[in-house]
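Accompanying notes for the structure given below.
Values in this text are rule-based calculations from the coordinates and carry no lab data. Remember, predicted model here, so these are calculated numbers, not experimental data. A quick note on method: Cβ atoms are made from the backbone with ideal geometry, for glycine too, and the neighbour counts reach across all protein chains shown.
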C-alpha cells in the first residue's frame, strides 16, 4: 500500500498540516495568528506582544494579540478554539494553579498543547528592617522560636506570592500568619510600613525598596542565583534545600494541535526569545527569558501542579 504524497510531505518536511478550512496539504500558516492573553498592560500582554513581533516575520503572517479578562477567561477562550495553530495562549502559571483552588472551565493538562516556556519572574524573600533576621536561616530560627507571631503579606489569596510563602513555610517547618491584601501594591505598602514582617514578591516590586533601605533582601526563590539580583543567595542554598518558586509565563495551543505545527511554533518562538535584544527587553522588565521544548513545559506543568496541590491542601487554601 503506497503512502499518499501529502502524507509523505508531512513526514519529510514537518510543516504541512490541515488548514483552517480543513483542506489537506496547505502550508502553515496561511492566515493571521492570534495570541489570547490577559488584559492590556499586564505581564501576559507584554510577553505576547514581544512574541508576536518576533515570530510574525519568520511565519509570514500577522500575529494579533487578543486581550481578554483575567483569571480563567484567557484559558477558557483558547481551550474552545480550533486546534489548527491559529489560536495561541500566553498565560502565567495561574492557568494550571488556579484550577487547584477553584473549579475551572477547562482542564489545564487535557485541554492544551504546550509549546514553550517564555519567561520567569524571580521572587525575593524580603523582611522589614525592624526584623533582626539577616539571612534565611535566621528568619526560620526566629519563626520557629515564635510560632504564629510573624506574618506575611500577599496580593490576594491564591496569588503566586501567597503560594510561594506557603511553600516556604511548609518546607521550612514554620508557622507564619497570612495577611492578604487587595492587590500587590497594597501588600507592598503594608510590608514597607512594618504592618507585615515577611514577604516573597516579584523582584521588580521588591528591589526598589531594598535599594532604598526600606526592605532587606534575604534570598531569591529561583533554583540558581539570578542575574536580576546578583550576589543574593537562593533559598535552597541558604536554609531550605530543594525550594524553588518562580512565576512563569508560557505559550500553549488548544489540545490536538498537529505536532508539526507545535514544532514549527516552538522553533520560531524559541529563536525569537533567545535574540539578545529580546532578552534585554525582558531583563529591563525584571524578568528572565526561559525558552523550552514542549516536553519540558509539559513536565513543568505536571510537577508544579503536584507540588502546589499538596501545599494548598496542607495549608487549607481555597478561593470562595
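Brief remarks on what is shown
- Mean separation of Cα contacts under 8 Å, 6 or more apart, over the residue count of segment 155-239: relative contact order %: 22
- Added length on full extension, which subtracts the Cα-Cα distance from 0.36 nm per residue, residue 137 to residue 223: 29.3 nm
- 268, 277 arranged by Cβ crowding within 10 Å, fewest neighbours leading: 277, 268
- Segment 83-139 and segment 218-256: distance between their alpha carbon centers, rounded to Å: 11
- Gain upon complete extension [residue 156, residue 309; 0.36 nm per residue less C-alpha separation]: 53.3 nm
- Share, in percent, of DSSP beta bridges within the chain that are antiparallel, nearest 5: 65
- The value for the chain of Rg(Cα) / (2.2 N^0.38 Å) is 1.09.
- Spin-label pair residue 145-residue 110: with each label point 7 Å from Cα along the Cα-Cβ axis, the two points sit 5.2 nm from one another.
- Taking only the C-alpha atoms of segment 105-256, the Rg (one decimal) and the largest Cα-Cα distance, Dmax (whole number), read 16.1, 54 Å.
- Ordering 95, 283, 100 from the fewest to the most neighbouring beta carbons within 10 Å gives 283, 100, 95.
- Note on residue 103 and residue 53: their simple-model spin labels are 4.3 nm apart, each label 7 Å out from Cα toward Cβ.
- When the Gaussian network model of the chain links Cα atoms closer than 10 Å, the mean-square fluctuations of 107, 84, 45 top out at 107.
- Neighbour counts of other Cβ atoms within 10 Å put 49, 264, 102 in the fewest-to-most order 102, 49, 264.
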